[in-house]
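Chemist: One structure follows; several queries about it will come next.
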Amino acid sequence: MSVARFWRKIPQRYNLIGTRCESCGRHYFPPRSFCPDCRRGGKIVEYRFPGTGKVVTHTVIRAASEQFENTTPYVLAIIQLDEGPRLTSQVVAKPEDVAVGTRVRSVFRRIMADGESGVIHYGTKFVPVKSEK
Amino acid sequence: MRDVAIIGIGCTTFGEKWAASFRDLFVEAGSLALKDAELSGEHIDAMYVGNMSAGRFIEQEHIGALIADYAGLSTRHIPSTRVEAACSSGGLAFRQAVIAVASGMEDIVVAAGVEKMTDVGTGVSVDTLAGAADREWEGFMGATFPGLYAMIATDYMHRYPLTREQLGMVAVKNHRNGAKNPIAQFRSEITLETVLSSALVADPLRLFDCSPITDGAAAVILAPLDRAREFTDTPVRVLATAQASDTIALHDRRDISCLDATVVAGERAFAMAGLPREKIDFLEVHDCFTIAEICAIEDLGFCKKGEAGRLTEEGVTALNGDLPVNTSGGLKACGHPVGATGIKQVCEVVQQLRGEAGARQVDGEIGLTHNVGGTGATVVVHILGVT
């Protein structure tokens, strides 16, 4: 991924900056300029997600594309943030510690590098949180 | 709108075709289709070609003109258009050709599909295919195509009573069919044990749950139904063409385990054909992974959600079952040259309806094709029938 293409999404990739529609209260990640429900009647404002949520579904990637080949196996999951939006990310954990419903929180991590001398891309992954009794 | 018929079909063998170039593949498929229709190039009014990613697989764009040129049609200057919708490029090219004939704009139209995937290494092909999903918010995080379908499988198996064995039986059944198909990439039967002991690719999916990397091309020729018998004694009628879209990213879907675009495209197709589902005799569905065939059968409405695994185990979807699914061997055993797959599905249904399917012949007068782009962001459904 080119430097500019990565750089322009840094707020979202590093800090989970999305949007919220003040008309209907729905949250969006990645950010949207239009609320699909309210359309032009919506009022979109920036929203920083605290990054807590749960695992909706998951897998363990054992055969990856080139940029991820040296990081296999890794846990890939769809996470539902507590505000509602879902996103695809990695869960930094042993596969047996991740299940449907596992509570997670976001962490800042290295995602991949463009070859040995290229740019290192960072972003948001998740880790399981211990259940609070 | 005019009624449309298929008057010719042609398909290369599918596989790792080291000796054949991209151009060789579509020229072979096109020649076979023309020969089948007993036509020559000067009859062709227009071409639509489905191709996902020649740009990355062979670093060649501008496929429409290239194909017309190497088909020997450059001096006739026919309109030739590339159509792209990831793995549903072929189905969509067919749909564009049907619309062109139905509208009255063109009479004799070629719909083709081609993909040359083995000129790059596995890493590049995996990454290229990941472009069918959301590059920014899925691929960037390390999602692969098997990985996305694996997450569908995890969600599905968490909610419905599908066993790992039933999932494997989809692959066993499709290899059994593929073994009877002269063009199939894999022409040997496999056992359930082979599937269950193969390497994990993305849990719970194993190597034998996945369709392969394939080179191949397919072509069909369309004409107005009222002219079809000028060319063939066995025209096949296009009873319905339907297409639907959905969110590009799997995580944004209403339901991870239900492809809403399949549901909608299916409903639109049945409405257009004016037929209830019970009239459909057999299906060619998009089994890029075993879980995809399970979802397709259910989302097209042939059984309730959660039942397709049991139907597979009971043999309902086998060649001699009540609803044969993927008589060609499907993407799993016949192979999946992504841009060609949607056209190959049409070729298979036409062969079946003409009674030319040899050892894998099933009874039936109406067949359905179901072609998926990405994880369900585009779905194209066609219903074809004897005349």
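Chemist: Quick one: count up the residues across segment B:145-179 that are of a type in the set (Asp, Glu) and within 14 Å of another protein chain (Cβ to nearest Cβ).
Modeler: Restricting attention to segment B:145-179, the residues satisfying the condition of being of a type in the set (Asp, Glu) are B:155, B:165.
Subsequent filtering for residues that are within 14 Å of another protein chain (Cβ to nearest Cβ) retains B:155.
Number of matching residues: 1.
Chemist: Another question about this same structure. Kindly state which strands (runs of 3 or more DSSP E) lie completely within segment A:16-133 and contain at least 3 residues that are surrounded by 14 or more Cβ atoms within 10 Å (Cβ to Cβ). First the steps, then the outcome.
Modeler: Values: elements: A:17-21, A:44-48, A:52-61, A:74-81, A:86-91, A:103-113, A:120-128.
Ranges flagged: A:17-21, A:52-61, A:74-81, A:86-91, A:103-113, A:120-128.
Chemist: Of the conditions (1) modelled with pLDDT of 95 or more; (2) more than 8 Å from chain A (Cβ to nearest Cβ), B:Met141 satisfies every one except a single condition; which number is it?
Modeler: Among (1) modelled with pLDDT of 95 or more; (2) more than 8 Å from chain A (Cβ to nearest Cβ), the lone unmet condition for B:Met141 is (2).
Chemist: Turning to a different aspect of this structure: Within segment B:219-246, track down each residue that is open to solvent by 40 Å² or more (accessible area, probe 1.4 Å) and either within 30 Å of A:Leu87 (Cβ to Cβ) or of a type in the set (Asp, Glu) (or both).
Modeler: Correct list: B:Asp226, B:Glu230, B:Asp233, B:Gln243, B:Ser245, B:Asp246.
Chemist: Okay, moving on. Please list, ordered by residue number, the strands (runs of 3 or more DSSP E) wholly in segment B:172-278 having 1 or more residues that are more than 16 Å from the chain's Cα centre (by Cα) and over 19 Å from B:Ile291 (Cβ atoms).
Modeler: Values: elements: B:200-202, B:216-224, B:236-245.
Answer list for segment B:172-278: B:216-224, B:236-245.
Chemist: Among the numbered conditions (1) outside any helix (DSSP H, G or I); (2) closer than 26 Å to A:Lys9 by Cβ, tell me where B:Gln60 comes up short.
Modeler: In the conditions (1) outside any helix (DSSP H, G or I); (2) closer than 26 Å to A:Lys9 by Cβ, B:Gln60 misses (2) alone.
Chemist: Of all residues in segment A:48-107, which are without any contact (Cβ under 8 Å) to a residue 12 or more places away in the chain, within 7 Å of chain B (Cβ to nearest Cβ) and not basic (Lys, Arg)?
Modeler: Passing the criteria: A:Ala63, A:Ala64, A:Ser65, A:Glu66, A:Glu69.
Chemist: Can you tell me which residue among B:Val195, B:Val201 is in contact with a Phe, Trp or Tyr (Cβ under 7 Å, 6 or more places away or on another chain) and either within 30 Å of A:Ser89 (Cβ to Cβ) or within 14 Å of chain A (Cβ to nearest Cβ) (or both)? Don't jump to the end; show me each part of the working.
Modeler: Values: B:Val201 fails: in contact with a Phe, Trp or Tyr (Cβ under 7 Å, 6 or more places away or on another chain).
Going through B:Val195, B:Val201 in turn, just one is in contact with a Phe, Trp or Tyr (Cβ under 7 Å, 6 or more places away or on another chain) and either within 30 Å of A:Ser89 (Cβ to Cβ) or within 14 Å of chain A (Cβ to nearest Cβ) (or both): B:Val195.
Chemist: Here's something else I'd like to know. Has segment B:126-133 got any residue that is more than 8 Å from chain A (Cβ to nearest Cβ) and either part of a helix (DSSP H, G or I) or of a type in the set (Asp, Glu) (or both)? Before the answer, list the steps.
Modeler: From segment B:126-133, those more than 8 Å from chain A (Cβ to nearest Cβ) are B:128-129, B:131-133; that's our starting set.
Then drop every residue that is not either part of a helix (DSSP H, G or I) or of a type in the set (Asp, Glu) (or both), which leaves B:128-129.
Yes, segment B:126-133 contains a residue that is more than 8 Å from chain A (Cβ to nearest Cβ) and either part of a helix (DSSP H, G or I) or of a type in the set (Asp, Glu) (or both).
Chemist: For segment B:33-53, which positions are part of a helix (DSSP H, G or I) and over 19 Å from the mean Cα position of the chain (by Cα)? Steps first, please.
Modeler: In the first step, residues of segment B:33-53 are kept if they are part of a helix (DSSP H, G or I); the result is B:33-37, B:41-43.
Answer for segment B:33-53, where residues must be part of a helix (DSSP H, G or I) and over 19 Å from the mean Cα position of the chain (by Cα): B:Leu34, B:Lys35, B:Asp36, B:Ala37, B:Gly41, B:Glu42, B:His43.
Chemist: Regarding B:Glu165, is this residue open to solvent by 10 Å² or more (accessible area, probe 1.4 Å) and assigned to a helix (DSSP H, G or I)? Break it down into steps so the answer makes sense when it comes.
Modeler: Values: open to solvent by 10 Å² or more (accessible area, probe 1.4 Å): yes; assigned to a helix (DSSP H, G or I): yes.
Judged against the criteria, B:Glu165 is a match.
Chemist: When you scan segment B:139-147, do you find a residue that is part of a helix (DSSP H, G or I), in contact (Cβ under 8 Å) with a residue 24 or more places away in the chain and touching a strand residue (DSSP E or B) at 6+ places or on another chain (Cβ under 8 Å), even just one? Reasoning before the result, please.
Modeler: We begin by selecting, within segment B:139-147, every residue part of a helix (DSSP H, G or I); these are B:139-141, B:145-147.
Going one step further and asking which of them are in contact (Cβ under 8 Å) with a residue 24 or more places away in the chain, we end up with B:145-147.
Filter once more, so that each one left must be touching a strand residue (DSSP E or B) at 6+ places or on another chain (Cβ under 8 Å): B:146-147.
Yes.
Chemist: Here is a further query. When the residues of segment B:108-124 are filtered to those that are part of a loop (DSSP other than H, G, I, E, B) and open to solvent by less than 40 Å² (accessible area, probe 1.4 Å), which remaining residue is nearest to the other protein chains (Cβ to nearest Cβ)? Explain how you work it out, then say what you get.
Modeler: Pass one, segment B:108-124, residues part of a loop (DSSP other than H, G, I, E, B): B:108, B:116-121.
Restricting the remaining residues to those that are open to solvent by less than 40 Å² (accessible area, probe 1.4 Å) gives B:108, B:116-118, B:120.
Numbers: B:Ile108: 42, B:Lys116: 19, B:Met117: 14, B:Thr118: 16, B:Val120: 10 Å.
Checking each candidate, the answer is B:Val120.
Chemist: On to the next question. Hey, does segment B:308-315 have a residue that's over 16 Å from the mean Cα position of the chain (by Cα), surrounded by 24 or more Cβ atoms within 10 Å (Cβ to Cβ), outside any strand (DSSP E or B) and of a type outside the set (Gly, Ala, Ser)?
Modeler: The answer is yes; a qualifying residue exists.
Chemist: Got at least one residue in segment B:82-91 being of a type in the set (A, V, I, L, M), farther than 18 Å from A:Ile61 by Cβ and part of a helix (DSSP H, G or I)? Don't jump to the end; show me each part of the working.
Modeler: Our first condition is that a residue be of a type in the set (A, V, I, L, M); within segment B:82-91, this holds for B:83, B:85-86.
Next cut, farther than 18 Å from A:Ile61 by Cβ only: B:83, B:85-86.
Narrowing the set further to residues that are part of a helix (DSSP H, G or I) leaves none.
Scanning segment B:82-91, I find no residue that is of a type in the set (A, V, I, L, M), farther than 18 Å from A:Ile61 by Cβ and part of a helix (DSSP H, G or I), so the answer is no.
The values are calculated or read from the model by the stated rules, or taken from the named source; none is laboratory data. Remember, predicted model here, so these are calculated numbers, not experimental data. Methodologically, a virtual Cβ is constructed for each residue, glycine included, from the backbone with ideal geometry; neighbour enumeration extends over all protein chains shown. In case anyone asks, the SASA skips ligands and DNA or RNA and just uses the protein heavy atoms, side chains included. Shrake-Rupley method; radii C 1.70, N 1.55, O 1.52, S 1.80 Å.
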